[in-house]
1. Run down Ile211, Ile150, Ile136 and say which single residue is of a type in the set (Val, Ile, Thr), buried (at least 16 other Cβ atoms within 10 Å of the Cβ) and modelled with pLDDT of 90 or more.
2. Kindly indicate which of Leu312, Leu289, Leu250 is at pLDDT 90 or above and among the aliphatic types (A, V, I, L, M).
3. Just checking, does the range 227-245 include any residue being among the small types (Gly, Ala, Ser), outside any helix (DSSP H, G or I) and either crowded, with 18+ Cβ neighbours inside 10 Å or touching a residue at least 12 places away in the same chain (Cβ under 8 Å) (or both)?
4. Name the pairs whose Cβ atoms lie under 7 Å apart, with the first residue in the range 55-72 and without any contact (Cβ under 8 Å) to a residue 40 or more places away in the chain, the second among the aliphatic types (A, V, I, L, M) and crowded, with 16+ Cβ neighbours inside 10 Å, and 6 or more positions between them or separate chains?
5. Looking only at the range 169-196, count every residue that is within 19 Å of Phe152 (Cβ to Cβ) and of a type in the set (Ser, Thr, Tyr) and tell me the total.
6. What are the residues in the range 154-171 that are at pLDDT 85 or above and either surrounded by fewer than 13 Cβ atoms within 10 Å (Cβ to Cβ) or not in a helix (DSSP H, G or I) (or both), if any?
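The values are calculated or read from the model by the stated rules, or taken from the named source; none is laboratory data. Bear in mind the structure is a predicted one, so any value in this text is a computation, not a measurement. As a convention, Cβ positions derive from the backbone with ideal geometry for all residues, glycine included, and neighbour counts pool all protein chains shown.
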Amino acid sequence: MKSSDRELFYDQLKGVAIVGVVYIHSLSLISHPSYAALFTSDLFRISVPFFIVTFSFFIEKSIKKRDYKNFYVKRITSLIYPFVFWSVLYFILSVDISEIKTTPHAILTKHFSGYGWAGQYFFILCFQVLLFFPLIRTITFKNKAYPIFIFFLTSVTFLYLTYNSNNLPTLISKISDRAVIYWLPYVFLGIVLANSSTFKVSKSYLLVTVIVLSVPLEYLLFVDRDDIFSPYTMCTVLVSTCVAATALFLVKPQLSGMPGRVLSIFGQRSMAIFVMNPLIIKFFDFCSLTFEGRNQAVSYIYSFGITVMICLLICLIAELIKRSPMNKII
């Protein structure tokens, strides 16, 4: 496979993942989401874990080619600019003046540590991954059984967190899924996939569809519960992400034609879409671009239509930003 073909696959993969993220967020624009839309939204829970796998994959590929310290400085800088800019912007748009006067000490923890705007936690996770990556990488290569052990341990932890969420210690509940420890299997997997010739990962992916489709089934157990720890600490999300990512990264399927080109563009602008989609959704809501009807079929079509519209609009805005002095914010 040519280098350009591989890059096309990764762009399309990120494109699908970012569409999933926007799809989940944009359901707030539909008063009565169809059952199919809710099912699809639950399927897309693997999107953020996919981004962590991809993020770790490219870190591993990059540091194999050059010094980690130089890469670290460059990568951390590329994340700090958008994190600070968009965190400040969303803080200004959402903060309550009385909150500033009465609880100034809470501003940092509430608005700048992963709990501010939708998607901010991803930056917090990326910072942690970069910080601990040398250690995680060392563990991965020290013994090939370690990643498997971590996967098993994480699965047990996820079962405990998900099905015992009412009785968790306060600190664990407050930190939620912002701690990198819950995302370690995806970091390990990214490293392993970047060295697939060393780890001899099997190309068998016959169970991918069944496992991925099991995500909403587990989520249905918590559909009426507000006390769920996190949708990202469900075992079905963990297993389906790892199996699907392994199959996709090894086979590298590509979508041709217009859909493939659109997904590639979305993938290339995934950072811009990630940071801007909450703002655009707020704008659409303000302009009453919402769906109020109860027709299941129309509601489902609208859910995808509004998602694609948001992504396309952000890509156009991103193109303008890229040509401006503020290009580092995306």
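1. Values: Ile211 fails: modelled with pLDDT of 90 or more; Ile150 fails: modelled with pLDDT of 90 or more.
Going through Ile211, Ile150, Ile136 in turn, just one is of a type in the set (Val, Ile, Thr), buried (at least 16 other Cβ atoms within 10 Å of the Cβ) and modelled with pLDDT of 90 or more: Ile136.
2. Details: Leu289 fails: at pLDDT 90 or above; Leu250 fails: at pLDDT 90 or above.
Residue meeting the stated conditions: Leu312.
3. Our first condition is that a residue be among the small types (Gly, Ala, Ser); within the range 227-245, this holds for 230, 240, 244-245.
Then drop every residue that is not outside any helix (DSSP H, G or I), which leaves 230.
After this cut, where a residue has to be either crowded, with 18+ Cβ neighbours inside 10 Å or touching a residue at least 12 places away in the same chain (Cβ under 8 Å) (or both) as well, the list is 230.
Scanning the range 227-245 turns up at least one residue that is among the small types (Gly, Ala, Ser), outside any helix (DSSP H, G or I) and either crowded, with 18+ Cβ neighbours inside 10 Å or touching a residue at least 12 places away in the same chain (Cβ under 8 Å) (or both).
4. Pairs that qualify, where the first residue is without any contact (Cβ under 8 Å) to a residue 40 or more places away in the chain and the partner is among the aliphatic types (A, V, I, L, M) and crowded, with 16+ Cβ neighbours inside 10 Å, are Phe71/Ile63.
5. Residues meeting the conditions: 2.
6. Once the filter is applied, which keeps residues that are at pLDDT 85 or above and either surrounded by fewer than 13 Cβ atoms within 10 Å (Cβ to Cβ) or not in a helix (DSSP H, G or I) (or both), the range 154-171 yields only Val156.
Rundown of residues vs (1) surrounded by fewer than 18 Cβ atoms within 10 Å (Cβ to Cβ); (2) aromatic (Phe, Trp, Tyr); (3) closer than 28 Å to Ile211 by Cα; (4) in contact with a Gly (Cβ under 9 Å, 6 or more places away or on another chain), yes/no style:
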| residue | (1), (2), (3), (4) |
| --- | --- |
| Glu7 | yes, no, yes, no |
| Tyr23 | no, yes, yes, no |
| Val53 | no, no, yes, yes |
| Val88 | yes, no, no, no |
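Let's see how each residue does on (1) closer than 18 Å to Gln268 by Cβ; (2) surrounded by fewer than 20 Cβ atoms within 10 Å (Cβ to Cβ); (3) in contact with a helix residue (DSSP H, G or I) (Cβ under 9 Å, 6 or more places away or on another chain):
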| position | (1), (2), (3) |
| --- | --- |
| Ala17 | yes, no, yes |
| Ser28 | no, yes, yes |
| Ser41 | no, no, yes |
| Ser56 | no, no, yes |
